[in-house]
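Report on the following structure.
The values are calculated or read from the model by the stated rules, or taken from the named source; none is laboratory data. Source: prediction; values computed, not measured. Don't worry about glycine lacking a Cβ; one is built from the backbone with ideal geometry, like all the others, and counts go over all protein chains shown. Side chains are part of the model used for accessible areas, which takes the heavy atoms of the whole protein and leaves out ligands, DNA and RNA. Shrake-Rupley method; radii C 1.70, N 1.55, O 1.52, S 1.80 Å.
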Amino acid sequence: MIYIYVESLESTSIDKQNGGQMAANLLPKLTELSKAGIHFSDTSKEFGGAHQFNGTGWTIAGMVAQTSGLPLKVPVQGNDYANSKDDKFLPGATTLNDILADEGYQQTILMGSDATFGGRRSYFTQHGNVNIDDYLQAKKDKRIPEDYKVWWGYEDSKLFNYAKEDITNLASKNQPFNFTMLTANTHHIGGFPEKGMPQKYDNQYSNVISFTDTQLAEFITWLQQQSFYDNTTVIIHGDHLSMDANYYKKLGIKDSKRRTFNLILNAPVEDAIEIKTKNRLYGTYDLFPTTLAALGVKIKGDQLGLGTNLLSNKKTIAEKYGFSHVNDELAQSSKFYNDTFMYAKSNN
């Protein structure tokens, strides 16, 4: 499996005709690529995505939601949680990485920033013993000079090149692998404009989003040329909605209309044409069981944590109870959550 978290990527960036909110489609290559995959829309139009629920609205929270079916409900500011390797990160949770580790998967996560930020290092090493290839590791390996620093560490062009190296290494071994990566160019405010980035629009953030679309499509083209591709499920998903509020406000786009982008390629699902992909009301935590199902896993009851397997057509919690009710409930303090996930003994 290859799981690509794309910083702040929204289906909002697609044109209105196809289900987005833009006058012009900033994601034409992903739109075209989606014809060969499965994507979920919250409307009757082709493109849409997940609603953003409480506890899923920043990077590590989005990653936790998509890999554990849980919101991240912590008693301190979210990015300060479990920053130390001695801190326990949701020790009672069983995550996607825990499950794949038990099944003998090699696991690596690549990011162009310091993995310690937001507790990401703690989360991925404590759950599944995932190998961390981050900005600090890139300096140790001399992929970049010791004093190199742009944006959060290094830019996404380097990230995609390093991803090819890491994946080639993982695929050369006689063992299944799970490669995860996190982009950064589309982070607020305004994104990071790489040198040579095409200037198609009069707004920097629009250009960065458009360039990310190109980078992703080129990377997927490379993957499709590899011998392992046909046996590899690829997921592209926004980690959360963008925090660049002024960008959308100036475009007259209401927050209530914004959704994260999603795409699943090579899911070994029979009768995929029967899957309900439109008019789905769901959150990013529904990606946990959906990802496992996209790998061919059979899930009893098609639900894990708060997540519902979207490939099963079973109603999600939000479809049963409505967005506002579920969102309000997730904002409440939960003794069950604290006792079961935050302060429990490790399941690993």
TODO: Would you work out the charge dipole size for the chain about its Cα centre, treating the Cβ of every Lys and Arg as +1 and the Cβ of every Asp and Glu as -1, and quote it to the nearest 20 debye?
DONE: 480
Task: Rounded to 5, the percent of DSSP beta bridges in the chain classed as antiparallel - done: 35
- [ ] Quickly work out the residue 227-to-residue 24 label distance, labels modelled 7 Å from Cα along the C-beta direction, and quote it in nm with one decimal.
- [x] 4.3
Task: Proximal lysines relative to residue 139, as straight alpha-carbon distance under 18 Å, when same-chain residues fewer than 8 apart are discounted - done: 149, 158, 164
- [ ] List the relative contact order of the chain as a percent without decimals, with contacts defined as Cα pairs under 8 Å and 6+ residues apart.
- [x] 30
Open item on the list: Rounded, prolate or oblate for the range 1-93? Axes are the square roots of the Cα gyration tensor eigenvalues, ordered a ≥ b ≥ c, and the cut-off for rounded is a/c under 1.5.
Closed with: prolate
Task: the range 99-185, relative contact order in percent, only Cα pairs under 8 angstrom and at least six apart counted - done: 43
- [ ] Subtracting the Cα-Cα distance from 0.36 nm times the residue separation, let me have the gained length for residue 188 to residue 146 in nm, one decimal.
- [x] 12.6 nm
- [ ] Report the calculated FRET efficiency for residue 315 and residue 344 (r = Cβ-Cβ distance, R0 = 25 Å), to the nearest 0.05.
- [x] 0.30
Task: Average accessible surface area per residue within the chain, 1.4 Å rolling probe, Å² - done: 44
Task: Lys, Arg +1 and Asp, Glu -1 on Cβ, resulting dipole of the range 23-134 about Cα centre, debye, nearest 20 - done: 240
Open item on the list: For a test of the definition: using alpha carbon positions, the gyration tensor, and the 1.5 limit on a/c, classify the chain as rounded, prolate or oblate.
Closed with: rounded
Task: Sulfur and carbon atoms: percent of accessible area, the range 231-275 [1.4 Å] - done: 45
TODO: Over 25 Å between C-alpha atoms is what I'm after, so list which of 314/345; 88/315; 16/200 land there.
DONE: 314/345; 88/315
Open item on the list: Between residue 102 and residue 199, what's the calculated FRET efficiency when r is the beta-carbon distance and R0 is 45 Å? Round to 0.05.
Closed with: 0.40
Task: Residue (of 159, 62, 91) at the positive-pole extreme of the range 15-160, dipole from beta-carbon charges - done: 159
Task: Extension gain, residue 80 back to residue 253 (0.36 nm per residue minus Cα-Cα distance, nm) - done: 59.2 nm
